[in-house]
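Below is one structure, written out as structure tokens, with a few remarks after it.
The values are calculated or read from the model by the stated rules, or taken from the named source; none is laboratory data. All values reported here derive from a predicted model rather than from experimental measurement. A quick note on method: Cβ atoms are made from the backbone with ideal geometry, for glycine too, and the neighbour counts reach across all protein chains shown. Protein only, heavy atoms only, side chains kept; ligands, DNA and RNA dropped before computing areas. Shrake-Rupley method; radii C 1.70, N 1.55, O 1.52, S 1.80 Å.
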Amino acid sequence: MQVLKRKTLALVGNHAVAYAVKQSKPQVLAVFPITPQTTMLEKISEYIASEELKAELIKVESEHSALASIYGAALAGARVFTATSSQGLLYMTEMIYWAGGQRVPMVAAVATRAIAEPWSIWDDHQDFVSKRDAIWIQMMAENVQEAYDMTIQAFRISEDERVILPVMMGFDGFILTHTMERIEVLEDGEVDNFLPPRQFNLIDFSDPIGVGPIATPEDYIKYRYEAMKAMVRAKGVIEEVMNEYERISGRKQNGLVECYKCEDAKYVFVTMGAWSGDGKVAVDRLRNSGIEAGLLKIRVFRPFPKEKIEEYLRSMKGVIVLDRAYSYGSGGILANEIKATLYGYRVPVYSVIAGIGGKDVRPRHFQKVIEDLINDNLEEERWLL
């Protein structure tokens, strides 16, 4: 298949997501600004005002209302989108669970940001991972290009009849939302072919029904069981969609996880999000100094890619998991998931808590913890303060 010469744009992350949303042609959007997501919704508003995107823009008084608005529109058959961050995502929480439990196809972008108190506008992943049990597919971008690509893919995955689940696309606040990168974008017609108009409604208007009724205990668990099966099926659908997108775009998509030099590694970092790039730089430096390092990047957090993780990590001499979020009284959230996945393999898993509230993390920090591990000087949980 011949790949077209791509249009190249210089866009900050928020504008890259807005561009992807415009090309995906949602019919209803609800907006409520919160730092660092605000400029994304401003750009989408510009597209609608200039009629580059023909859609209904609902201006609401809160994030809860934003999700409630698109929830109703999605039930009625519209393709929908919203975005939020931090306290805004927390304010959406009731409707987040309604959308997941009702299995309503929709896409939300989350510009990750620390949660108060103390007040912070800077990046960590506590907001994003707090929704891991809300029956949403969750993907996390490493860079602006991935944020663009994943947004388009998210609509296709969410609306696939084998899945029918909401999708949350996370990308690091300020680190990606406000950083300009060179990205390649698809032509509008290519997106139209990849993402045709939504073909079905969840409500039959010729036979009206009530939405969100109470369920008996006997029925409630059955609904949850079906949601579990949909999430399991989603793994295959996500990889299928990403493979098709790779053929169209000519850009490797990697699927649920990305292995960076981890096939022959003895020591591997596990990361999620923007600092995966810093980790790759550290891996290259460590390799140059003779240390067999690698990195496994989690691209899809829910459904959690246990099988892929197990395949790559089960024979490692040491695994270092970097977390931008923490479960107080339990440990690093991603680290705990990796430990559970590798249970029984006797692989040492170390948890490094870093970047909380936007604290700077650089390649040298990655290098230091792996050097300490090799020198038997790394504790099971370390905070980089």
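Could you please give the count of residues in the range 74-94 that are in a helix (DSSP H, G or I), in contact with an Asp or Glu (Cβ under 9 Å, 6 or more places away or on another chain) and open to solvent by less than 20 Å² (accessible area, probe 1.4 Å)?
Going through the range 74-94 one residue at a time, the tally reaches 3.
Anything in the range 185-208 that is among the β-branched types (Val, Ile, Thr) and more than 16 Å from residue 242 (Cα to Cα)? List them, or say none.
Hit for the range 185-208 is 203, nothing else.
What number of residues within the range 131-181 satisfy the criterion of being among the small types (Gly, Ala, Ser) and part of a loop (DSSP other than H, G, I, E, B)?
3
Could you pull out the residue among 194, 174, 200, 205 that is open to solvent by less than 70 Å² (accessible area, probe 1.4 Å), over 22 Å from residue 96 (Cβ atoms), hydrophobic (A, V, I, L, M, F, W, C) and modelled with pLDDT under 95?
Just a single option satisfies the conditions, and that option is 200.
Pairs, please: C-beta under 7 Å, at least 6 apart or cross-chain, first residue under 20 Å from residue 272 (Cβ atoms) and in the range 357-385, second open to solvent by 90 Å² or more (accessible area, probe 1.4 Å)?
Qualifying pairs under 7 Å: 357/122; 358/122; 363/285; 367/285.
Can you confirm whether the range 285-294 contains a residue that is out of contact with any Leu (no Cβ under 6 Å at 6 or more places or on another chain), over 21 Å from residue 237 (Cα atoms) and open to solvent by less than 10 Å² (accessible area, probe 1.4 Å)?
yes
Return the residues of the range 49-60 that are open to solvent by 20 Å² or more (accessible area, probe 1.4 Å) and either part of a helix (DSSP H, G or I) or modelled with pLDDT of 95 or more (or both); say none if nothing qualifies.
Correct list: 49, 50, 51, 52, 54, 55, 56, 57, 58, 60.
Can you pull out every residue in the range 351-385 that is touching a Gly at 6+ places or on another chain (Cβ under 7 Å) and either assigned to a strand (DSSP E or B) or open to solvent by 70 Å² or more (accessible area, probe 1.4 Å) (or both)?
351, 353, 381, listed by residue number.
Testing residue 318 on (1) within 21 Å of the chain's Cα centre (by Cα); (2) surrounded by fewer than 20 Cβ atoms within 10 Å (Cβ to Cβ); (3) of a type in the set (Gly, Ala, Ser), one condition comes back false. Which one is that?
For residue 318, the exception is condition (1).
Contact list please: Cβ distance under 7 Å, first residue in the range 297-309 and within 23 Å of residue 100 (Cβ to Cβ), second residue charged (D, E, K, R), pairs at least six apart or on different chains.
299/258; 301/132; 302/132; 303/235; 304/337; 305/235
Which residue is farthest from residue 324 (Cα to Cα), if the candidates are limited to the range 268-282 and must be crowded, with 23+ Cβ neighbours inside 10 Å and free of Cβ contacts under 8 Å to residues at least 60 places away in the same chain?
268
Residues in the range 135-156 that are open to solvent by 10 Å² or more (accessible area, probe 1.4 Å), under 15 Å from residue 234 (Cα atoms) and out of contact with any Gly (no Cβ under 6 Å at 6 or more places or on another chain): how many?
1
Give all pairs with beta carbons closer than 6 Å in which a residue from the range 80-102 that is within 21 Å of residue 164 (Cα to Cα) meets a residue that is of a type in the set (Gly, Ala, Ser) and open to solvent by less than 10 Å² (accessible area, probe 1.4 Å); count only pairs at least 6 apart in sequence or on separate chains.
These pairs meet every condition: 80/74; 82/30; 82/66; 82/108; 83/109; 96/134; 97/134; 100/134.
May I ask you to verify whether residue 43 is farther than 19 Å from residue 131 by Cα, part of a helix (DSSP H, G or I), over 20 Å from the mean Cα position of the chain (by Cα) and not hydrophobic (A, V, I, L, M, F, W, C)?
yes
Please state which one of 132, 103 is at pLDDT 95 or above, touching a strand residue (DSSP E or B) at 6+ places or on another chain (Cβ under 8 Å) and open to solvent by 40 Å² or more (accessible area, probe 1.4 Å).
132
Before we move on, is residue 260 more than 23 Å from the chain's Cα centre (by Cα) and at pLDDT 95 or above?
In short, no.
Can residue 104 be described as within 15 Å of the chain's Cα centre (by Cα), at negative phi and β-branched (Val, Ile, Thr)?
Considered against the rule, which asks whether it is within 15 Å of the chain's Cα centre (by Cα), at negative phi and β-branched (Val, Ile, Thr), residue 104 comes out as no.
Quick check on this structure: which one of 104, 110 is assigned to a strand (DSSP E or B) and of a type in the set (Val, Ile, Thr)?
Going through 104, 110 in turn, the sole match is 110.
What is the one condition in (1) under 29 Å from residue 6 (Cα atoms); (2) in contact with a Leu (Cβ under 7 Å, 6 or more places away or on another chain); (3) part of a strand (DSSP E or B) that residue 274 does not satisfy?
All conditions are met except number (3).
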